[in-house]
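See structure below.
The values are calculated or read from the model by the stated rules, or taken from the named source; none is laboratory data. Please read all numbers here as calculations on a predicted model, not as lab measurements. With ideal geometry, Cβ positions are generated from the backbone for all residues, glycine too; neighbour counts draw on all protein chains shown. What goes into the accessible areas is simple: the full protein's heavy atoms, side chains included, and nothing from ligands, DNA or RNA. Shrake-Rupley method; radii C 1.70, N 1.55, O 1.52, S 1.80 Å.
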Amino acid sequence: MCRIGCIKSIEPFHPSKALYLMLPQQEGHDNSGFAIVMKDLYGIFEPYKELPLLSFSCTNKGKEIISNFMLKKGFSKKIFTWEPDFVEKEHYDFAKMDFYGFDVFNYPESILKGSVKEKEEILLNTRLELRKLLEKTADGYVFSFWPDTLTIKEIGNPNDIGEYFNLWKENKDILAKNIMIQYRQNTNYEIVRYAAHPFFLQGYTLCANGENTFYVKNKEYQQSLHKGYIGFESDSQCFLYTLHYLHHELKWPFAYYKHVITPLPFEEIEEHPDKQILYKIRESLAHLEINGPNTVIGLLPDNTMFTVCDSKKLRPVVVGADNKIVAITSEVNGLNVILPDRDKTKDVYPNERETVVVTNELRIERWKQI
Amino acid sequence: MEANIKINDITENDLNWKVEYDNTRCTRCGRCISTCTFHALEMKVERRAYTVSDTKVPAPKRVFSTIPVVKQIATIKQKCVGCGMCEKVCPNQAIKPVRNIDTRENLLNHELGSPIKRGGRTNLSIERTLDRIKVGRISQMTDPSLDAQRHTFDMLSPFGRVLGPEELPFKIENDELKIKGSIPPVHWIYPIIFADMSIGALSTRAWEAICIATAILNEKYNMPVRMCSGEGGMPIKLMQSKYLKYMILQIASGHFGWNRIIKAMPQMTEDPAGILIKIGQGAKPGDGGLLMAAKVARHIQEIRGVPRSDLLSPPNHQGLYSIEESVQKMFLSFNAAFQFRVPVAIKVAASSSSVSVYNNLLRDPYHIVGGFFLDGIQGGTGAAHEVSLDHTGHPVVSKVRDAYIAAVNQGKQGRIPLWGGGGVGLTGTMAADAFKMICLGANGVFTGKILIQLLGCIGNENGRCNQCNTGLCPTGVTTQDYRLVQRLDIDKAAETLVNYMLSVDTEFRKLMAPIGNSSLPVGRSDALVSVDKGIADKLQIPYAC
């Protein structure tokens, strides 16, 4: 079972907090990987909030491929590069790549005056093309290419990965107001870097814990919906694509996400004041239902944080908060480490009929599905 | 010398069934003869020779006597069909039909140059693909299976045109979706439809028993099972009753009964559950319908508005020359007839070309095609030529899968609900068959043959009986002879159907629970494996052995 979590804070914080959130949740053989997505960056990235940041890992040859490709696409001006303060050690229990890149680019001249939509489009296209190019020779992985967003993914012992990137030691360089993290135990599919949550697409990021028993249905439907819905290395990617499709493509209010992935049983729809809409959603998007024991934690492009579970509710999740931080995570022992002094009586254990939403002002809202 | 044998004479040994008779057990009560609707038995006397001795010193002598016996009539017209009614009524187990493997009946059965006709059952295509498929993906550690007794299961399927999300007339007001426009009607119904068998093909009592079972399942057990009328109309009283909402009205190429349906519309208090336009039938694709004059009794004449004669539905709808035209003409007119409140679906025979039809319908610009019913070779209960039943048609399983995959390739799965039939539940395994069809992409299934078997039909796929065309049905299921219809206990028949469906419902949950699904697993092909490599490859599911 994956251990997942997301921290949202009024003040920028260091990713070590996220690692400490996850550490006590480790058990057994949680050594299959680690992934982190940071949004709303501060520290050394603060001056570049508006500019796209490319997060990738690659071989030495891949580095050259990426460099040439970005030049060709017009991303000729690399504004800033973060070089992690790698901690070298004789033996690390993870599969190290030759190179990890976190580069901030200027937009190409041609798109500088373009609309937000046009810019979003070019960033997505660039990432997809780059990914395809790197896949040809297995020379690298590109995880996100988006403003104010940084991603690290690696396979192996998460503690070691954190140590190599020097993420355990707090500093003022790498900070964010939202960090989503996973200590992965992916047992179902071949472990590849793209399979590690959190997944990212055009400002949406999400991780999930559980099984998507309707994975094949979801995948077969999503493949035709949007060019960005690719990979499907993990059944949880489907949840991200559904979120993106509803909110970004159909532009439906976020509240309907829950109704799509975990629709109410017909008996309950019949009693619902909005039953006509709910019937139509259930009919129209039957192939996006997840129907499996799942907990989803996500961030919308405006960094609204949320969690939903499906009706089987076999995956634990808890929301805890103090005045400055709200964290959603798989198990309460993680909260006890990073928020030991919070009022535990106010912890929220979401039920299968609600969406818990955390606003940027850290207001915790519980939206009822019924 | 005169020959003592004429080999062109028909004897018992030339027929499919021989009657095995035990003179020593027979009490000559005559029940077998009076029961046999095919008049295949008669009382005769036979001469018997005995050697006796009635003196103290043995002095054997031959004596002759005549005894009454029951004899099989060895003619094609009055041949035994193996229905076994004689055995059923015999108090002494003195008589029974026995299959004759050396039969020459199919060579002899062509009187007046006429091809063989019989009840709608394929006797050559008895291999079942569905039996070679298993539910192989069982939820375990990370995704525990559900409790079939305790969990809530949503076992409903759409009937009606489903709009894609981008087609829905939604507007956002105050952060809420609102419907601003019209949407085609969609009814959520039980995933098993009682298939189209007409009054005419079935006896009024058998048809009524299915109606009663449908009503009980809906009203008492909350199972929204729908029944299709079959071609040929319905009783006016039923059309005026509240039970019409459980009925799908069929129109086929003969248009039988529609005059009455249209005239009854102003008196209808409920809308029917749907309209099903039958283009083709899986058991005899391209061959139209056939109700033999023998079954066109007075009440059938009245319902259909026809005189007594063989009633042939043409193999096609005269006047429809293209798919586009069928969409425009038929769908539009039937949608309009009920003011776009009632979903209109189409039924075609599975065929190499049926995916093209589905693809075309999926592009239906008017959103008026409410379902695509694919009927396979193992379906059929009506009368037809034997050559059609045995040699034409297409298995339904791979065709449903093909149609689903075609929809997937267009990103339009689910928009025109896909229903598969034709041998589904044939061997009594309705829940498993339906479940597998659904995993392969069907939204639901329709079934007919198992229903008449539950009512009492004793026919099978090995040539037993299959005389639905003759009007002589020995079980009262497919005859219009009121004396034969009396044999059917309508209440018991309905009860048997209800009980079967209740058990199917439980079995269905028993299949959904292990794969961890509370909603119907439409298109969940990953839940299936096949023990046959060819089937696995064709259906794009894993092979297992």
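Structural remarks
- Within region A:305-335, if we keep just the residues that are closer than 26 Å to residue A:219 by Cα and open to solvent by 10 Å² or more (accessible area, probe 1.4 Å), the residue that is farthest from the other protein chains (Cβ to nearest Cβ) turns out to be A:316.
- On inspection, residue A:370 fails the criterion of being farther than 20 Å from residue A:310 by Cα and in contact with a Lys or Arg (Cβ under 7 Å, 6 or more places away or on another chain).
- Entry remark, region A:193-227: residues being farther than 25 Å from residue A:36 by Cβ, touching a residue at least 12 places away in the same chain (Cβ under 8 Å), facing another protein chain (nearest Cβ under 8 Å) and in a loop (DSSP other than H, G, I, E, B) number 3 in total.
- Restricting B:183, B:172 to those that are among the hydrophobic types (A, V, I, L, M, F, W, C) and surrounded by fewer than 18 Cβ atoms within 10 Å (Cβ to Cβ) reduces the list to B:172.
- Residue A:148, sole failed condition from (1) closer than 18 Å to residue A:174 by Cα; (2) surrounded by fewer than 22 Cβ atoms within 10 Å (Cβ to Cβ): (2)
- Residue B:14 meets the stated requirement of being farther than 30 Å from residue B:485 by Cα, open to solvent by less than 30 Å² (accessible area, probe 1.4 Å) and among the charged types (D, E, K, R).
- Any hit, region B:372-383, residues being more than 27 Å from residue B:480 (Cβ to Cβ) and either part of a loop (DSSP other than H, G, I, E, B) or open to solvent by 30 Å² or more (accessible area, probe 1.4 Å) (or both): yes
- Of the residues making up region B:143-169, those that are crowded, with 18+ Cβ neighbours inside 10 Å, of a type outside the set (D, E, K, R) and more than 16 Å from residue A:280 (Cα to Cα) are B:146, B:155.
- Selection over region A:216-242 of residues that are under 18 Å from the mean Cα position of the chain (by Cα), at pLDDT 95 or above and open to solvent by 10 Å² or more (accessible area, probe 1.4 Å) gives a count of 2.
- Filtered by the rule that a residue be charged (D, E, K, R), part of a loop (DSSP other than H, G, I, E, B) and open to solvent by 10 Å² or more (accessible area, probe 1.4 Å), region B:322-365 gives B:341, B:363.
- Applying the criterion of being in a loop (DSSP other than H, G, I, E, B) and open to solvent by 40 Å² or more (accessible area, probe 1.4 Å) to the residues of region A:109-124, the residue that is nearest to residue A:52 (Cα to Cα) is A:112.
- Region B:119-148: number of residues that are out of contact with any Ser or Thr (no Cβ under 9 Å at 6 or more places or on another chain) and away from chain A (no Cβ under 12 Å): 7
Yes/no per residue for (1) part of a loop (DSSP other than H, G, I, E, B); (2) more than 29 Å from the chain's Cα centre (by Cα); (3) within 14 Å of chain A (Cβ to nearest Cβ):
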{"residue": "B:77", "(1), (2), (3)": "yes, no, no"}
{"residue": "B:80", "(1), (2), (3)": "yes, no, no"}
{"residue": "B:106", "(1), (2), (3)": "no, no, no"}
{"residue": "B:181", "(1), (2), (3)": "yes, yes, yes"}
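- One residue stands out among those in region B:186-195 that are within 27 Å of residue A:311 (Cα to Cα) and open to solvent by less than 30 Å² (accessible area, probe 1.4 Å): the one that is nearest to the other protein chains (Cβ to nearest Cβ), which is B:186.
- Selection count, region A:275-288, where residues are open to solvent by 20 Å² or more (accessible area, probe 1.4 Å) and either within 7 Å of another protein chain (Cβ to nearest Cβ) or aromatic (Phe, Trp, Tyr) (or both): 4
- Which numbered condition residue A:338 misses (of (1) within 14 Å of another protein chain (Cβ to nearest Cβ); (2) of a type in the set (Val, Ile, Thr); (3) more than 20 Å from the chain's Cα centre (by Cα)): (1)
- Flag set for residue A:269, criterion: of a type in the set (A, V, I, L, M, F, W, C), closer than 16 Å to residue B:520 by Cβ and either facing chain B (nearest Cβ under 10 Å) or open to solvent by 20 Å² or more (accessible area, probe 1.4 Å) (or both).
- Filtered by the rule that a residue be more than 9 Å from every other protein chain (Cβ to nearest Cβ) and without any contact (Cβ under 8 Å) to a residue 24 or more places away in the chain, region B:150-171 gives B:150, B:169, B:171.
- If the condition is being open to solvent by 40 Å² or more (accessible area, probe 1.4 Å) and either in a strand (DSSP E or B) or not acidic (Asp, Glu) (or both), then region A:62-85 contributes A:63, A:67, A:68, A:71, A:72, A:73, A:76, A:77, A:78, A:79, A:80, A:81.
- Given (1) in contact with a helix residue (DSSP H, G or I) (Cβ under 9 Å, 6 or more places away or on another chain); (2) without any contact (Cβ under 8 Å) to a residue 60 or more places away in the chain; (3) open to solvent by less than 30 Å² (accessible area, probe 1.4 Å), number of the condition residue B:88 does not satisfy: (3)
Results for (1) open to solvent by 20 Å² or more (accessible area, probe 1.4 Å); (2) within 14 Å of chain B (Cβ to nearest Cβ); (3) within 24 Å of residue A:58 (Cα to Cα); (4) not in a loop (DSSP other than H, G, I, E, B), shown as yes or no for each residue.
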| site | (1), (2), (3), (4) |
| --- | --- |
| A:143 | no, no, yes, yes |
| A:159 | yes, no, yes, yes |
| A:178 | no, no, no, yes |
| A:182 | no, no, yes, yes |
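- Every residue from region B:384-402 that is touching a helix residue (DSSP H, G or I) at 6+ places or on another chain (Cβ under 9 Å), more than 14 Å from chain A (Cβ to nearest Cβ) and in a helix (DSSP H, G or I): B:386, B:396, B:397, B:398, B:399, B:400, B:402
- Qualifying position, being under 23 Å from residue B:143 (Cα atoms) and modelled with pLDDT of 95 or more, among A:277, A:261: A:261
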